[in-house]
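Below: one structure, written as structure tokens.
Each value in this text was obtained by applying a stated rule to the coordinates, not by laboratory testing. Quick caveat: nothing in here was measured; it's all calculated off a predicted structure. Using ideal geometry, Cβ is built from the backbone for each residue, glycine included, and neighbour counts are taken over all protein chains shown.
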Amino acid sequence: MADTTERGRYPLSVLSFAPDDMPNVPARSRVTVSPPSSPPARPFLKWAGGKRQLLPQLGRFVPQSFGAYCEPFLGSGALYFDLESRGCLEGRRAVLMDNNPDLIGAWLAIRQDPEAVIRALRRLATAHRADAKTTYYRVRDERFNPARADLLERGGRWSEGYNASLAAMFVYLNRTGFNGLFRLNNAGRFNVPVGRYANPRICDAPNLRAVSTVLSRPGVEVREDRFESVCEWAMPGDFIYFDPPYAPTSATASFTAYTPGGFDVDAQRRLQMVVVELARRGCHVLLSNSTAPEITALYADNVVARAAGLRAVRVSARRAINSRGGSRGAVDEYLISNVPSQD
Ligand SMILES: C[S@@+](CC[C@H](N)C(=O)[O-])C[C@H]1O[C@@H](n2cnc3c(N)ncnc32)[C@H](O)[C@@H]1O
């Protein structure tokens with residue numbers, strides 16, 4: 001009989017799995033599921049390439065048991081929040097990483113002091129309602145960029161210096177800027193224009209509190225890092241979901257410049273080596289990407305990737321299909337994994 005509960009999106013076996021199917025995974029790491037007691041935390045950002053629409057497809061490749069969970073390309077963390085809300089991450093380590101210092105700075109500041117972020121966001125929301133355009137450009141040019149420049153001068157991993165005021169501005173600019181983009185110019189200044197939203201939801205206080213609560217759980221780590229660093233600690237049985245900037249299927253099809261330097265063919269090759277290495281190590285890996293020819297060559301048609309147990313499956317996803325983001329259509333994407341699909 002079909003599972004009609006709130007967590008019915010995944011096969012029941014994902015949620016209460018057989019104990020002996022992964023002898024290498026210690027008992028403490030097996031998935032146990034309990035329903036959430038308060039409203040579940042959801043992504044607090046709109047993020048280019050966010051994976052909300054793909055969640056049912058991704059769920060087919062969530063292993064029945066696993067050790068730690070890791071997302072090296074965190075963005076808005078759609079799969080992390082989904083797994084968390086379903087109790088799939090209870091009692092286990094979760095390592096959430098991205099190399100965008102502003103993004104990680106905002107995650108850290110919300111975890112640390114959600115009430116201060118909420119207070120600052122409420123002030124921004126009030127000013128935005130009075131005069132959207134003036135408020136947006138004042139915040140962007142007179143407050144956000146100068147405050148970032150101060151942090152940047154410190155060098156190193158400056159996400160840790162993000163305070164509640166900067167995090168609130170980051171969330172505000174994300175909710176009200178054009179398509180929620182995060183784009184820096186050559187001088188490293190955030191330069192996204194204001195978006196056209198009649199009534200943007202700027203401050204979702206209950207969700208920010210819920211986000212802070214789940215991120216404060218023991219075992220949850222949020223850090224600014226490059227995806228390669230997962231190789232330094234991942235153990236057999238861990239589950240790693242890679243959602244990199246997609247390889248463009250045409251010269252204009254994809255937005256890949258989340259941070260200066262973008263994510264070029266060489267980065268896709270380095271990523272393939274990491275994914276293959278982790279699959280050989282006995283980790284459960286799942287990767288989403290476009291069906292660009294180089295991705296087919298790196299995974300679907302690649303002898304080394306196939307020998308490591310990786311299989312590439314084409315799935316259909318609804319995406320913005322032009323540069324204005326207004327028009328949407330179904331496009332094929334790859335899900336690449338060594339976890340057998342649960343259909
Ligand atoms: C497609 S988005 C991830 C979207 C995310 N899954 C979600 O649901 O919102 C890709 C992310 O990779 C990050 N990124 C780009 N290059 C990176 C690198 N070399 N190491 C780590 N993260 C990187 C970007 O900052 C961006 O947040």
Problem - Segment Val265-Glu221, length gained on full extension (0.36 nm per residue, minus Cα span) - result: 12.9 nm
Exercise for the section: Provide the three semi-axes, in whole Å and in decreasing order, of the ellipsoid equivalent to the range 100-218 as defined by the square roots of 5 times the Cα gyration tensor eigenvalues. Expected result: 21, 20, 11
Problem - Rounded FRET efficiency, nearest 0.05, which uses the C-beta distance separating Arg129 from Ser250 and R0 of 45 Å - result: 0.70
Exercise for the section: Give the Rg (one decimal place) followed by the Dmax (whole number) of the range 164-282, computed from C-alpha coordinates and expressed in Å. Expected result: 17.8, 50
Practice task
Between Val304 and Glu232, with labels modelled 7 Å along Cα→Cβ, what's the label distance in nm to one decimal, could you check?
Solution key: 2.3
Handout entry: At R0 = 41 Å, FRET efficiency that the Cβ-Cβ distance of Arg314 and Ala149 yields, to 0.05
Key = 0.40
Exercise for the section: Order the peptides 150-157, 87-94, 237-244, 302-309 from the highest to the lowest mean number of other Cβ atoms within 10 Å of their residues. Expected result: 237-244, 87-94, 302-309, 150-157
